[in-house]
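Chemist: Just dropping this structure here.
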Amino acid sequence: MTDPQDYVKKGTTTVGIFCKDGIVLAADKKATAGYFIADKKVEKVIKITDNLAVTIAGGVSDIQLLVKLIKAELNLKRVRTGQEATVKEAANLLSTIVYHNIRRFSVIIGITAFIVGGQDKSGFHLYLISPDGSLSEDDEFVSDGSGSMMAYGVLDSLYTKGLPVNEGIKLAVKAINAAIQRDIASGEGIDIYTITKEGVKKVLTKKIDTTIKI
């Protein structure tokens, strides 16, 4: 009997790095369905508001739904109160949605995970939301997805407290590249976003050319 999970795109490497002047979020670009590469140009870092972005991992349909929900809820809060949600409020809300999503009965399990990076009046913040809905804040770095073990090896070795965003970008490239080299579900390229006083900005996108020519 075919496992429904065989039709779920999964496998990825995402990274979040806390810097002295901002947050760096990065991810590879490959989406897989079992042993099949379903997409080679996936955007796994998503801008949610002008000052908040997330990385994504897990089942695509659930991720798309949860991203729509969190965007709508944050927009609704702004309309109702005239204020932007803090990064902590946004992360708590998204983790609650993830918690309920994976516990909802479904033929296909709604596995999702997010890294949340953002800025508010209290400064910069970095959170990891696990597939079970648990939420943790980190002031150094986090990684998620099937290639996270390779990424953590690089981050543990090379991260230094208080590094600037421009160095964080270089470190993110090294971490994602390490995963691409060894994790079969990560690859095809890299996207990097920064969250600074200027807001959310895409600073790098690179596609790996795997075409063989003779």
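The values are calculated or read from the model by the stated rules, or taken from the named source; none is laboratory data. Remember, predicted model here, so these are calculated numbers, not experimental data. Because the Cβ atoms are built from the backbone with ideal geometry, glycine has one as well, and the counts that use them run over all protein chains shown.
Chemist: Filter the stretch 172-187 for residues that are surrounded by 14 or more Cβ atoms within 10 Å (Cβ to Cβ) and over 16 Å from the mean Cα position of the chain (by Cα) and give the result.
Modeler: Scanning the stretch 172-187 gives K174, A178, D183.
A quick yes/no check of all residues on (1) more than 17 Å from I111 (Cβ to Cβ); (2) free of Cβ contacts under 8 Å to residues at least 60 places away in the same chain; (3) of a type in the set (F, W, Y):
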site	(1), (2), (3)
K29	yes, no, no
G58	no, no, no
I63	no, yes, no
K88	yes, yes, no
N92	yes, yes, no
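Chemist: Something else now. Is it true that E84 is of a type in the set (D, E) and under 18 Å from the mean Cα position of the chain (by Cα)?
Modeler: Criteria not met by E84.
Chemist: Another question, then. Check whether at least one residue in the stretch 28-45 is among the hydrophobic types (A, V, I, L, M, F, W, C), in contact with a helix residue (DSSP H, G or I) (Cβ under 7 Å, 6 or more places away or on another chain) and at pLDDT 95 or above, and report yes or no.
Modeler: The answer is no; no qualifying residue exists.
Chemist: If you check every pair at least six apart or on different chains, which have Cβ atoms under 8 Å apart with a residue in the stretch 15-27 that is in contact (Cβ under 8 Å) with a residue 12 or more places away in the chain and over 11 Å from E140 (Cα atoms) first and a residue that is surrounded by fewer than 24 Cβ atoms within 10 Å (Cβ to Cβ) and hydroxyl-bearing (S, T, Y) second?
Modeler: Taking only residues 6 or more apart or on different chains, the pairs are D21/T196; G22/T196.
Chemist: Now for a separate question. Would you say A57 is outside any helix (DSSP H, G or I), on the phi < 0 side of the Ramachandran plot and surrounded by 23 or more Cβ atoms within 10 Å (Cβ to Cβ)?
Modeler: Spelling it out, A57 is indeed outside any helix (DSSP H, G or I), on the phi < 0 side of the Ramachandran plot and surrounded by 23 or more Cβ atoms within 10 Å (Cβ to Cβ).
Chemist: Sticking with this one: Which residue out of K201, K174 is within 22 Å of Y127 (Cα to Cα) and free of Cβ contacts under 8 Å to residues at least 12 places away in the same chain?
Modeler: When all the criteria are applied, what remains is K201.
Condition check ((1) modelled with pLDDT under 95; (2) small (G, A, S)) across all residues:
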{"residue": "V67", "(1), (2)": "no, no"}
{"residue": "L76", "(1), (2)": "no, no"}
{"residue": "R80", "(1), (2)": "no, no"}
{"residue": "K88", "(1), (2)": "no, no"}
{"residue": "L93", "(1), (2)": "no, no"}
{"residue": "Y99", "(1), (2)": "no, no"}
{"residue": "I102", "(1), (2)": "yes, no"}
{"residue": "S106", "(1), (2)": "yes, yes"}
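Chemist: Looking only at the stretch 35-49, how many residues end up being more than 14 Å from T12 (Cβ to Cβ), surrounded by 14 or more Cβ atoms within 10 Å (Cβ to Cβ) and not polar (S, T, N, Q)?
Modeler: Residues that pass the stated criteria total 2.
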